[in-house]
1. Report, by residue number, each residue of the stretch 70-95 that is among the aliphatic types (A, V, I, L, M) and either within 16 Å of the ligand (Cβ to nearest atom) or not assigned by TED's automatic domain parsing to the domain that holds L236 (or both).
2. When you go through I93, I112, I124 one by one, which is the residue that is within 25 Å of E347 (Cβ to Cβ), in a strand (DSSP E or B) and not basic (K, R)?
3. Against the definition (within 24 Å of I322 (Cβ to Cβ), in contact (Cβ under 8 Å) with a residue 12 or more places away in the chain, in the same structural domain as A242 (by TED's automatic domain parsing) and of a type outside the set (D, E)), how does P167 come out, yes or no?
4. Considering only the stretch 118-128, state which residues are buried (at least 21 other Cβ atoms within 10 Å of the Cβ) and more than 13 Å from the ligand (Cβ to nearest atom).
5. Inside the stretch 105-117, can you point out the residues that are touching a residue at least 60 places away in the same chain (Cβ under 8 Å) and either within 18 Å of I272 (Cβ to Cβ) or not aliphatic (A, V, I, L, M) (or both)?
6. Given the options V97, V50, V139, V81, name the one that is under 30 Å from I359 (Cβ atoms) and touching a residue at least 40 places away in the same chain (Cβ under 8 Å).
7. For the list (1) surrounded by fewer than 18 Cβ atoms within 10 Å (Cβ to Cβ); (2) part of a loop (DSSP other than H, G, I, E, B), I need the number of the one condition that Y220 fails.
8. Of everything in the stretch 228-268, what is in a loop (DSSP other than H, G, I, E, B), of a type in the set (A, V, I, L, M) and either more than 15 Å from the ligand (Cβ to nearest atom) or under 21 Å from I68 (Cα atoms) (or both)? Give them in sequence order.
Amino acid sequence: MYDFDKVINRNIPGDLKYEKIAGIDDLLPMWVADMDFQSPKEIRDALVDVATNSVFGYTGADPEYYKIVAEWFKKRYDWEVEKSLIMPLPGVIEGLVCTMRAFTKPDDHVLIFQPVYGMFEKSIRLNGRIPTISELKNVNGRYEVDLEDAEKKIIEDDVKMLFWCSPHNPGGRVWTMEELEAVAGLCARHNVFIVSDEIHADLVLYGKKHIPFAKVPGDYSKNLVVLTSPTKSFNLAGIQAANLIAFDNKVFKMIDHELFATGAFEVNKMGIAATKAAYAYGEEWLEELLKYLEGNIDLVAKELKDTKLKVMPQEATYLVWIDCSALKGDEPFSRTVLKKAHVRVSEGDFFGKSSRDFIRLNVACPRSLVKEALDRIKKLDIW
Ligand SMILES: Cc1ncc(COP(=O)(O)O)c(C=O)c1O
């Protein structure tokens, strides 16, 4: 049994999630996507071991690293990856950006389905490409891809690449094989390269199953990469570690070249050690974590059931997506909650303009803090 109820002090300089906001002493930070839990002991021990018995010189990934990473995918997703096509990276966004730079030109269009993790749109714009935005449809309270709209826009904008988020942040969807096949077919018809960001893959809840994009039947090897990382599942974001999986040697080499060109090709010795320990020894901890997260998500749904806030049912991630549009305030609800309840949530418009009236609540923290946040929100004088 792991103690996820234990409150760990994060009020330390430089901690992003707990950074101070002037005038607020009792801030409850439930925004950026990391957890308030300590990573499993095996990971912390592996890091201590590196610190104690090693030197911090330049490093690469060793053969055992590739073996452990490949075994994790096989065990969790029955997915066979070719070890020589695994590319360790400092982060998923580096992989996303380098793939975009390798396979598109400035002013090319990249498709995204919003709402989606805000760095998708930002990284497209910051690299001189143009986002083509297709809104997800809310069908009976859960998001679905609007294939007709996406196809129309792909043709109109001559889209070259798709940034796909699976499982979906912030909607918490675990895409079905049918949905993945439909998206894959659409991209194949129009020669769109797929970058599948699967950073939340290990955080699938309530018995759902994540399907890696690479398992979609058909040959997408020249038009697909998958990005994964242990950082969300094992709370290692500050350590920086990720993997890009390619399916074709030439694709791998072109992205590797781009990584070299941007100078982001070094890996972190601690990231390598943490990834190995997480995938080799962290599964039991992860399974308990998922149960605990389900309890926190259930609590949010129960407590907000009879309010004007509409909680989207989560199939994955610890990030609860809440529609606050029924409140009709002058300012986004995220600001009201911060100012009046001192709870910091992620603002809806980070995920796309049309989500201004949503908030994203990060419940990866001890249940007592989730309760406290919900109590404060329910006590607001806005209902
Ligand atoms: C879908 C998605 N991709 C990427 C990231 C960030 O990944 P990294 O820190 O490895 O760049 C996040 C972080 O929240 C995310 O939600």
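1. Matches in the stretch 70-95: I86, M87, L89, V92, I93.
2. I112
3. When the stated conditions are applied, P167 passes them.
4. Hit for the stretch 118-128 is I124, nothing else.
5. Scanning the stretch 105-117 gives Q114, P115, Y117.
6. The match here is V97.
7. Answer for Y220: the failing condition is (1).
8. L236, A237, I239, A241, V267
The values are calculated or read from the model by the stated rules, or taken from the named source; none is laboratory data. All of these numbers come straight from a predicted model, not from anything done at the bench. Note that we place each Cβ from the backbone using ideal geometry, even for glycine, and neighbour counts take in every protein chain shown.
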